[in-house]
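Before any comments, here is the structure.
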């Protein structure tokens with residue numbers, strides 16, 4: 001009857017019917033109608049989730065909340081609605097897991113509200129949720145978007161075992177706030193954390209690779225005997241508008257040590273064309 005009349009296309013009418021079905025205990029009918037709504041709003045999700053919750057079906061409520069997140073409700077410029085629904089879920093007494101919370105952090109970040117961000121961070125702590133690497137990285141990104149480098153660094157420092165994503169998030173946070181020196185210091189610190197990871201980090205870096213970062217990377221490759229990683233990065237580094245010769249001199253020395261004279265000459269030519277401190281480079285590469 002509902003389908004024939006096309007009522008599911010009117011979200012307000014469909015929401016009212018879902019609420020009635022849920023209150024009457026007809027959750028199967030409610031879900032069928034819910035699934036037919038082409039554009040669900042926060043009331044659609046709330047009515048259905050509350051319907052399960054009021055019947056003591058907490059597992060189904062959480063599953064539906066996860067489905068909401070997976071369908072992009074928190075990513076399609078509907079951040080305020082997602083946060084409103086999250087508050088409703090908490091009021092119902094449902095306890096979301098760390099994966100759910102990590103999925104909501106971008107919505108809080110997009111609001112740019114540091115106050116709201118801190119509220120969610122505090123909620124994670126009070127609920128005793130597991131702050132794994134994914135949740136922590138999402139928190140760093142949220143604080144970046146809310147403009148708090150200090151809070152982002154506090155979260156970063158609490159990560160016991162950092163991965164490329166967490167290093168990347170923190171270095172990107174510094175870079176986007178114009179704190180280039182801090183980002184370089186953090187990058188150089190990675191040398192003691194694992195050189196292959198440093199290579200992955202440079203490739204995925206969300207900010208422009210500076211002269212200092214390029215120099216630190218190539219010097220680290222030389223110290224750790226990883227000429228293979230240095231050579232992997234050559235094309236990317238040479239394509240950048242770097243102004244200092246240090247990193248390229250180190251790269252040339254790596255090629256020289258491996259007897260790759262043609263590549264030494266290629267580096268020299270590339271730098272000559274760029275005019276990067278021409279005289280100093282030519283002396284360094286002789």
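Identify all residues within segment 157-189 that are closer than 22 Å to residue 213 by Cα and not in a helix (DSSP H, G or I); write none if there are none.
162, 163, 177, 178, 179
Which condition number in (1) modelled with pLDDT under 85; (2) buried (at least 18 other Cβ atoms within 10 Å of the Cβ) is the one that residue 3 fails?
Failed condition: (2).
Which helices (runs of 4 or more DSSP H) does segment 190-270 wholly contain that include 1 or more residues that are at pLDDT 75 or above?
211-223, 227-232, 246-257
Taking the criterion of being modelled with pLDDT of 80 or more, assigned to a helix (DSSP H, G or I), on the phi < 0 side of the Ramachandran plot and crowded, with 17+ Cβ neighbours inside 10 Å, would at least one residue in segment 79-96 satisfy it?
No, there is no match, as no residue in segment 79-96 is modelled with pLDDT of 80 or more, assigned to a helix (DSSP H, G or I), on the phi < 0 side of the Ramachandran plot and crowded, with 17+ Cβ neighbours inside 10 Å.
Can you name the residue in segment 122-137 that is assigned to a helix (DSSP H, G or I) and more than 13 Å from the chain's Cα centre (by Cα) and is also farthest from residue 109 (Cα to Cα) among such residues?
126
I'd like the residue in segment 271-283 that is surrounded by fewer than 14 Cβ atoms within 10 Å (Cβ to Cβ) and within 22 Å of residue 232 (Cα to Cα) and, out of all such residues, is modelled with the lowest pLDDT.
273
Of all residues in segment 24-61, count the ones that are in contact with a helix residue (DSSP H, G or I) (Cβ under 8 Å, 6 or more places away or on another chain) and part of a helix (DSSP H, G or I).
Looking only at segment 24-61, we keep the residues that are in contact with a helix residue (DSSP H, G or I) (Cβ under 8 Å, 6 or more places away or on another chain), and these are 27, 29-31, 33-34, 36-55, 57-58, 60-61.
Then keep just the ones that are part of a helix (DSSP H, G or I); that gives 27, 29-31, 33-34, 36, 42-54, 58, 60-61.
Result for segment 24-61: 23.
Would you be able to tell me the number of residues in segment 138-156 that are under 23 Å from residue 84 (Cα atoms) and in a helix (DSSP H, G or I)?
Of the residues in segment 138-156, the ones under 23 Å from residue 84 (Cα atoms) are 138-147.
Filter once more, so that each one left must be in a helix (DSSP H, G or I): 138-145.
Qualifying residue count, segment 138-156: 8.
Working only within segment 166-181, note down all residues that are in contact (Cβ under 8 Å) with a residue 12 or more places away in the chain, more than 16 Å from residue 145 (Cβ to Cβ) and surrounded by fewer than 18 Cβ atoms within 10 Å (Cβ to Cβ).
Within segment 166-181, 180 is the sole residue that qualifies.
Go through (1) closer than 26 Å to residue 126 by Cα; (2) at pLDDT 80 or above; (3) crowded, with 19+ Cβ neighbours inside 10 Å and name the single condition residue 48 misses.
Residue 48 satisfies all of (1) closer than 26 Å to residue 126 by Cα; (2) at pLDDT 80 or above; (3) crowded, with 19+ Cβ neighbours inside 10 Å except (1).
I'm trying to understand the selection: among the residues of segment 257-266, which are surrounded by 14 or more Cβ atoms within 10 Å (Cβ to Cβ) and more than 15 Å from residue 232 (Cβ to Cβ)?
Once the filter is applied, which keeps residues that are surrounded by 14 or more Cβ atoms within 10 Å (Cβ to Cβ) and more than 15 Å from residue 232 (Cβ to Cβ), segment 257-266 yields 264, 266.
The values are calculated or read from the model by the stated rules, or taken from the named source; none is laboratory data. Every value quoted in this text rests on a predicted model; they were computed, and no experiment measured them. So basically every Cβ, Gly included, is an ideal-geometry build from the backbone, and we count neighbours across all protein chains shown.
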